[in-house]
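The values are calculated or read from the model by the stated rules, or taken from the named source; none is laboratory data. Since we're looking at a predicted model, the values are computed, not measured. Cβ placement follows ideal geometry from the backbone for every residue including glycine, while neighbour counts extend to all protein chains displayed. When the accessible area is computed, the model is the full protein with side chains, heavy atoms only, and any ligands, DNA or RNA have been set aside. Shrake-Rupley method; radii C 1.70, N 1.55, O 1.52, S 1.80 Å.
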Number of protein chains: 2
Amino acid sequence: MEILRSTKSHPTADWIYDQARKVLPSISLGTVYRNLAILKEDGQIMELSYGSTYSRYDGNPENHYHFVCLKCGRVEDVDIPVRGELEREVEKTGVGDVYYHRLEFYGLCAHCRSSRTDKPGGAGEDSR
Amino acid sequence: MEILRSTKSHPTADWIYDQARKVLPSISLGTVYRNLAILKEDGQIMELSYGSTYSRYDGNPENHYHFVCLKCGRVEDVDIPVRGELEREVEKTGVGDVYYHRLEFYGLCAHCRSSRTDKPGGAGEDSR
DNA sequence: CTTAAAATCAATAATAGTTATCAATCTAGT
DNA sequence: ACTAGATTGATAACTATTATTGATTTTAAG
């Protein structure tokens with residue numbers, strides 16, 4: 001939990017595992033997953049399942065939006081207000097009861113936009 | 001592609017595979033995945049990766065929103081207008097260039113809401 | 001302090017969706 | 001018919017995640 005709160009990035013379970021091992025060298029990946037599941041169950045963190053592959057985790061449990069860079073895979077928080085009114089609008093269509101929503105923007109992050117060259121080591125330090 | 005267009009549900013690769021076998025009994029799951037990947041690459045279909053497990057596919061390539069039932073897993077289209085202005089609003093924050101966005105609502109679908117009982121066979125016919 | 005039950009953990013096996021491989025088959029152009 | 005290239009079915013490989021297990025640690029009681 002401290003690890004997840006200490007970063008504003010949105011790390012994968014594997015990255016958290018690496019960080020945790022710096023403090024508890026003998027911790028196992030299973031323990032990381034187990035505790036992430038508990039924290040998620042508890043509503044203290046969010047799981048962002050992104051692509052059909054791995055998930056990223058977010059230490060901020062209140063709803064907010066994300067920007068995903070299509071090039072480097074970085075996930076950043078988006079600083080615009082949450083549109084709660086959309087949930088009521090959806091409920092009016094009769095599809096069901098809306099509990100929450102998730103909004104993600106995809107594009108090219110500022111970092112990748114400026115360094116358009118594919119020079120290695122430039123972008124993608126947090127992708128896999 | 002015909003199979004995907006013929007349903008308004010948002011099937012999994014496995015379901016598409018089952019349907020395809022009714023027409024081409026010898027088709028393999030690999031071929032389904034391969035062609036789904038090609039169609040996606042081509043922009044003719046959308047992949048909805050939902051949860052960290054399986055993906056669902058959507059034969060409608062134009063952006064629209066989805067409602068996911070937390071109980072039965074059903075995915076339905078949401079009939080509200082697309083908020084293109086959000087993308088411009090996000091770009092103003094300087095996070096990067098926004099190409100598209102994805103918005104999903106989570107809750108209890110009308111079907112599950114009415115039949116609250118957990119009677120088997122009631123809901124979940126399209127879940128796994 | 002001792003002991004027994006409960007909880008936690010590390011290590012590892014198992015699961016499942018997806019992707020890659022590859023030989024065989026089909027297709028088009030000549 | 002002949003060849004080159006693309007497509008397919010079958011199957012193996014891969015990867016993130018989950019479950020299992022056996023051992024160690026913690027807790028609580030006497």
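For region B:76-93, filtering for residues that are under 22 Å from the mean Cα position of the chain (by Cα), within 7 Å of chain A (Cβ to nearest Cβ) and either open to solvent by 40 Å² or more (accessible area, probe 1.4 Å) or among the polar types (S, T, N, Q) (or both) leaves 2. I need a count of the residues in region A:94-104 that are of a type outside the set (Gly, Ala, Ser) and open to solvent by less than 10 Å² (accessible area, probe 1.4 Å). Total meeting the criteria: 2. Kindly evaluate B:Lys8 against the criterion of being away from DNA strand D (no atom under 14 Å from the Cβ), open to solvent by 40 Å² or more (accessible area, probe 1.4 Å) and more than 21 Å from A:Phe105 (Cα to Cα). Yes: the conditions hold for B:Lys8.
Scanning region B:29-69 for residues that are among the charged types (D, E, K, R), open to solvent by less than 30 Å² (accessible area, probe 1.4 Å) and within 11 Å of chain A (Cβ to nearest Cβ) yields a total of 1.
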